[in-house]
Amino acid sequence: MATKASTIQTDEVIPLEIVPVGESTNSTPVVEVLNDQISSNPPAMSHPPLSLMRTSTIYLSLSSTQFISSLSSGLIAIALPRMASDLSIPTALLLWPTAIYSLISGCSLLPAGAISDVVGSRNIYLIGTLLMCLTLFFSGLSRTSDQLLAARALQGLAVSLCLPAGVALMTDAFAEGKARNLGFALQGMAQPLGFSAGLFLGGFFVDSIGWRWGWYLDAIATALVGVLAVWCLPRKEGDEWRRMQWRKLKTDVDWVGAALASISLGGLSYVLATVAATGPSIRQPASIILLCLSVASAVGFVYWMKYQVKRDKPALIPNYLWQKKAFSVICIMVFLAVGVLNTFEYNFSLYVQEVQELPAIQASLRFIPNIVVGVILMPVWGAYLHKIPAYYLVLVPFVVTLAAHVLMAVANPDWSYWYAAFWAMTLSPLAGDVLFVVATVLTTSIFPAHMQSLAGAVFNTVAQFGQAFGLSIMAVISAQATQKSSYTVKTSPDALLVGYRASYWACFGATMLGCTVGGWGLRGIGIVGMKRD
């Protein structure tokens with residue numbers, strides 16, 4: 001439910017759990033509240049003890065949808081050349097199977113999160129899982145580029161239903177502390193890990209049974225997850241009350257704010273996608289108009305939030321949220337980290353296939369260290385999040401990740417994989433993996449209990465937009481560097497290498513920017529994700 005600016009009592013809020021460095025963990029943290037008192041709110045959620053089996057199935061269900069959706073993105077990244085040939089996808093539309101997914105999901109996340117908070121996150125999550133299963137299946141059945149684009153667009157809508165609701169369900173199932181932190185760790189790292197797994201498995205599908213089976217198996221896995229979710233996901237107290245809330249959609253959701261946010265993000269995402277596909281299109285009238293409309297909608301959104309809060313009416317994301325330095329800094333770092341990580345992995349796949357001229361299956365094998373590191377670190381971050389100050393937990397992996405970009409920027413295609421590329425693939429996921437966990441815990445701590453779906457929507461919107469922005473900007477940098485190279489044949493491995501190296505150096509610069517922002521904004525943040533007494 002969208003928030004109202006009204007005074008409340010502190011026993012009805014979810015505080016921002018931050019323990020300053022050097023203070024006892026038993027000290028009372030400063031409570032920063034963003035909540036309201038609405039008579040129609042359901043009673044507070046209790047967290048009864050869960051068996052190991054029930055806990056494990058909840059973890060599996062809520063992280064699998066994110067893993068599967070990201071896996072499909074990785075699959076399409078490595079299988080795109082074969083898919084383009086089989087479906088006769090025009091060159092101008094080559095990036096659109098990926099772009100339209102990010103465009104639709106990015107536009108739908110905030111409205112989906114607000115709706116989920118009103119009608120119940122469990123209901124929305126199950127609807128999203130069913131829709132995702134169907135769209136994955138129809139992606140495999142596609143026989144034309146239009147059919148594939150339509151399926152990918154609907155898949156983006158399905159994911160936008162699952163992601164925010166999944167975050168809210170995790171907070172419903174587990175109290176603050178180690179169990180919830182581990183759940184967020186699994187959810188957060190399922191996205192980059194799924195993308196890496198998609199790149200890894202995509203090569204095997206392309207060179208063996210065919211890329212269509214990647215979609216079919218994804219659909220089967222999603223169906224199994226949906227069945228599991230029906231059994232294991234917690235029901236809120238007063239589910240009968242929740243079922244009555246569909247009529248509250250008109251009054252309790254900030255539809256104007258959702259529309260302004262969607263128009264702004266959608267317009268900018270479209271312009272970025274077209275720029276990545278055909279660089280000069282930014283000068284076209286349509287792109288200029290969309291860019292202006294996007295900026296105008298963003299400005300309008302800010303003023304609308306101020307207006308809604310002043311009138312004590314529902315506001316999608318009140319402006320005072322962004323005044324919390326830790327929240328704003330974490331969002332900037334997520335934006336940068338997701339864009340860099342996806343660009344690194346996408347470029348590495350193309351580097352192996354187009355510069356080193358190796359088959360897709362060889363590119364897949366080279367992603368194994370990336371996946372192994374994610375699997376090993378997944379439980380570690382969740383287990384130690386409440387013991388290590390977030391300042392060091394975030395910045396140290398960010399600094400270490402810098403080495404991955406340098407290694408790939410200077411790597412010689414004739415070098416052995418073990419000399420540079422292996423170490424780059426091992427180090428590349430560190431920053432993104434830990435940041436996903438810290439950002440999710442921090443965001444859900446800032447938002448009140450009845451707005452946890454919206455909290456997940458905000459975090460995932462930042463991540464989705466970071467991915468779209470990163471891939472688009474890095475594609476332009478790579479293409480421009482290739483075009484300006486001294487090589488006559490711009491599609492030759494040597495010319496392409498110039499572009500990829502430029503892109504890796506740009507990733508290095510973006511990561512350095514993230515380190516700088518984090519070093520300034522997270523100083524003194526202390527420990528997050530600690531269980532409250």
Checklist outcome for this item: Exception for E176 within (1) part of a helix (DSSP H, G or I); (2) crowded, with 19+ Cβ neighbours inside 10 Å falls at (1)
Item to check | Residue count, region 413-426 (criterion: open to solvent by less than 70 Å² (accessible area, probe 1.4 Å) and within 12 Å of P369 (Cα to Cα)) | outcome: 6
Next on the checklist: Condition first: in a helix (DSSP H, G or I) and touching a residue at least 40 places away in the same chain (Cβ under 8 Å). Now tell me which residues in region 321-334 satisfy that.
Outcome noted: L321, K325, A326, F327, S328, V329, I330, C331, I332, M333, V334
Next on the checklist: Quick test for you: out of V329, V334, V355, pick the one residue that is crowded, with 17+ Cβ neighbours inside 10 Å, under 19 Å from the mean Cα position of the chain (by Cα), under 30 Å from G499 (Cα atoms) and at pLDDT 85 or above.
Outcome noted: V334
Next on the checklist: For region 108-158: of the residues being in a helix (DSSP H, G or I) and of a type in the set (V, I, T), which is most open to solvent (accessible area, probe 1.4 Å)?
Outcome noted: I127
Next on the checklist: Regarding region 45-68, can at least one residue be identified that is at pLDDT below 50, open to solvent by 20 Å² or more (accessible area, probe 1.4 Å) and farther than 30 Å from G524 by Cβ?
Outcome noted: no
Next on the checklist: Filter region 374-389 down to the residues that are assigned to a loop (DSSP other than H, G, I, E, B) and modelled with pLDDT of 75 or more and list them by number.
Outcome noted: I388, P389
Checklist entry - Within region 145-176, which residues are closer than 20 Å to S64 by Cβ, of a type in the set (S, T, Y) and modelled with pLDDT under 85? => result T171
Checklist outcome for this item: Inside region 231-247, the number of residues satisfying the requirement of being at pLDDT 70 or above and over 23 Å from N460 (Cβ atoms) is 2
Next on the checklist: Take the residues in region 301-322 that are surrounded by fewer than 22 Cβ atoms within 10 Å (Cβ to Cβ) and under 25 Å from the mean Cα position of the chain (by Cα); name whichever of them is modelled with the lowest pLDDT.
Outcome noted: L321
Item to check | Residue check for L217: free of Cβ contacts under 8 Å to residues at least 12 places away in the same chain and open to solvent by 30 Å² or more (accessible area, probe 1.4 Å) | outcome: yes
Checklist outcome for this item: Scanning region 498-512 residue by residue, those open to solvent by less than 20 Å² (accessible area, probe 1.4 Å), under 14 Å from F348 (Cα atoms), out of contact with any His (no Cβ under 6 Å at 6 or more places or on another chain) and touching a residue at least 24 places away in the same chain (Cβ under 8 Å) turn out to be Y500, S503
Checklist entry - Any residue in region 58-65 that is over 19 Å from the mean Cα position of the chain (by Cα) and without any contact (Cβ under 8 Å) to a residue 60 or more places away in the chain? => result no
Item to check | Residue tally, condition open to solvent by 30 Å² or more (accessible area, probe 1.4 Å) and either over 25 Å from T443 (Cα atoms) or not in a helix (DSSP H, G or I) (or both), over region 390-412 | outcome: 5
Checklist entry - Within region 472-497, can you find the residues that are surrounded by 21 or more Cβ atoms within 10 Å (Cβ to Cβ) and farther than 20 Å from L341 by Cβ? => result T482, L496, L497
Next on the checklist: Pull out all pairs, ordered by first then second residue, where Cβ-Cβ is under 9 Å, the residues are six or more apart or on different chains, the first lies in region 336-349 and is in contact (Cβ under 8 Å) with a residue 60 or more places away in the chain and within 17 Å of A197 (Cβ to Cβ), and the second is basic (K, R) and open to solvent by 10 Å² or more (accessible area, probe 1.4 Å).
Outcome noted: F348/R366; S349/R366
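The values are calculated or read from the model by the stated rules, or taken from the named source; none is laboratory data. Here the structure is a predicted model, which means the values were calculated and not measured. Counting neighbours? That spans all protein chains shown, and the Cβs are built from the backbone with ideal geometry, glycine included. Surface areas here come from the heavy atoms of the whole protein model, side chains and all, with no ligands, DNA or RNA. Shrake-Rupley method; radii C 1.70, N 1.55, O 1.52, S 1.80 Å.
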